[in-house]
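S.K.: Dumping the structure here so I can ask a few things about it.
Please treat every number below as a calculation from the coordinates, not as lab data. Only a predicted model underlies this, so the values are computations on that prediction, with no experimental measurement involved. Here Cβ is always computed from backbone atoms with ideal geometry, including for glycine, and neighbour counts include all displayed protein chains.
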Amino acid sequence: MEDRQNNSNLIKLARNVAGNAYVPYSHFRVGCVIVTEQGNLYTGCNVENVSYGLTICAERIAVFKAVSEEGPEMRIKKVLIFTSTDKPTTPCGACRQVLSEFGDDFEVISTCNADEEFKMHINDLLPANFDLKKELGR
Ligand code: THU
């Protein structure tokens, strides 16, 4: 059976979900797939709003879908992001913080129309994340 978690399958899923993006303002489509420690896959695309600040990025939609399906113990194993660009795009700061809440050693892979790929661990993408365990020891 095909490994649903292999990167070429995840790229296909992220590219497909980017096609669902609601982007009448930026026309910038983003697709994201989260693989959880339980082995499930959750997709997300960006959804914009006429009140621009209410826009939600693809990454956060995928995280929130994962938590709402698996519950508060959900842990991220891998994140794959697709943008229809010539260079890979890295996740915004808000999404880095939200992603970092659900794991500390997972890989974030960004892909694009070209073969080029960007790969970093969440701890390197956001080394000084806000974390109550660090701040208050709880
Ligand atoms: N966007 C994402 O979906 N993820 C990111 O990490 C960066 C930005 C979206 C938000 C908005 O719909 C569009 O890209 C342009 O900023």
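S.K.: With unit charges on the beta carbons (Lys and Arg positive, Asp and Glu negative) and the dipole taken about the Cα centre of the stretch 26-127, which residue among Q97, F28, A114 sits farthest to the positive side?
M.R.: So the residue we want is F28.
S.K.: Please report the net charge: other residues with Cβ closer than 13 Å to the Cβ of D104, K and R +1, D and E -1.
M.R.: Result for the neighbourhood of D104: -1.
S.K.: Return the single residue from A66, A128, A21 with maximal mean-square fluctuation; model: Gaussian network over the chain, springs between Cα atoms under 10 Å.
M.R.: Ranking A66, A128, A21 by mean-square fluctuation puts A128 first.
S.K.: Pick out, in residue order, every one of the trypsin sites (Lys or Arg not before Pro) in the stretch 1-72 that is DSSP loop and has at most 15 other C-beta atoms within 10 Å; say none if there are none. Mind showing how you got there, number by number?
M.R.: On the way: sites: R4, K12, R15, R29, R60, K65; in loops: R4, R29.
Taking the stretch 1-72 and a limit of 15 other Cβ atoms within 10 Å, the loop trypsin sites (Lys or Arg not before Pro) found are R4.
S.K.: Magnitude of the Cβ-charge dipole of the stretch 2-135, K/R +1 and D/E -1, about the Cα centre, nearest 20 debye?
M.R.: With Lys and Arg at +1 and Asp and Glu at -1, about 300 debye.
S.K.: Would you please name the chymotrypsin sites (Phe, Trp or Tyr not before Pro) within the stretch 1-40 that are DSSP coil residues with at most 12 other C-beta atoms within 10 Å of their C-beta?
M.R.: When the chymotrypsin sites (Phe, Trp or Tyr not before Pro) of the stretch 1-40 are filtered for loop state and at most 12 Cβ neighbours within 10 Å, Y25 remain.
S.K.: Comparing L126, L41, L54, which has the greatest mean-square fluctuation in the GNM of the chain with Cα pairs linked when under 10 Å apart?
M.R.: Checking each option, the largest mean-square fluctuation is seen for L54.
S.K.: Next question. Expressed as a fraction of 2.2 N^0.38 Å, the rule-of-thumb size for a compact globular protein of N residues, what is the C-alpha radius of gyration of the chain?
M.R.: My calculation over the Cα atoms of the chain gives 1.02.
S.K.: Hey, can you grab everything whose amide H is under 5 Å from the amide H of T89? Only 5+ residues off in sequence or another chain; H modelled, so Pro and N-termini drop out.
M.R.: Long-range HN contacts for T89: T83, T111.
S.K.: Identify which of D86, D115, D104 has the largest mean-square fluctuation in a Gaussian network model of the chain, with springs joining Cα atoms closer than 10 Å.
M.R.: Per the Cα network of the chain with a 10 Å cutoff, D115 tops the list.
S.K.: Return the sequence-ordered ³J(HN,Hα) values of the stretch 9-17 in whole Hz as given by the Karplus equation 6.51 cos²θ - 1.76 cosθ + 1.60 applied to θ = phi - 60°, using x for Gly and Pro.
M.R.: Coupling constants for the stretch 9-17: 5, 5, 5, 4, 5, 5, 5, 5, 6 Hz.
S.K.: Could you pull out the longest piece of the chain with no exposed loop GluC sites (Glu not before Pro) in it, calling a site exposed if DSSP puts it outside H, G, I, E, B and it has at most 12 other Cβ atoms within 10 Å? It would help to have the intermediate numbers written out before the result.
M.R.: Details: sites that count: E2, E73, E116.
The answer is 3-72.
S.K.: Now for a different question. How do M74, M120 line up, fewest other C-beta atoms within 10 Å first?
M.R.: Ascending number of Cβ neighbours within 10 Å: M120, M74.
S.K.: In addition: Where the centroid of each part is defined by its Cα atoms, how far is the stretch 1-28 from the stretch 85-124 in Å?
M.R.: That distance is 14 Å.
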